[in-house]
Amino acid sequence: MTAIEDSPLWALTEAVRLVLKGEWSGNAAFAPTPPQLAEIVSQRMQEARLVKHRFERLLRAEVEPSKPTAEDYEKRAAQVDELVAKSLKPTAAYA
């Protein structure tokens, strides 16, 4: 089994699972040969590399700030007006 001796256990386990479920492209009547099993392992590892690459790109992505809408400006203006009105209203201690 030198064809798979350097393979990570997770990839080998996944390859065996695919074979046992009959989800590999070979003849399901026979067990895969070591080179065939190595090819299945290699395919699983390639899929994992692609996922890793996508996650790395996602982690490096810059967040684009969203631009405030007119509704956002109106809401903020109402909050400022309310704050100003409260600050100008005399309190019972100063009335």
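The values are calculated or read from the model by the stated rules, or taken from the named source; none is laboratory data. Just so it is clear, the structure is predicted and the values come from calculations on it, not from any experiment. Glycine also receives a Cβ, built like all others from the backbone with ideal geometry; neighbour counts cover every protein chain displayed.
Among the candidates Glu74, Glu56, the residue that is over 33 Å from the mean Cα position of the chain (by Cα) and part of a helix (DSSP H, G or I) is uniquely Glu74. For the residues Glu64, Glu47, the requirement of being loosely packed, with under 10 Cβ neighbours inside 10 Å, at negative phi and within 24 Å of the chain's Cα centre (by Cα) singles out Glu64.
Under the condition of being surrounded by 12 or more Cβ atoms within 10 Å (Cβ to Cβ) and not in a helix (DSSP H, G or I), the residues counted in region 1-20 number 4.
Sort through Glu56, Glu62 and tell me the only one that's of a type outside the set (A, V, I, L, M, F, W, C) and at pLDDT 95 or above.
Glu56
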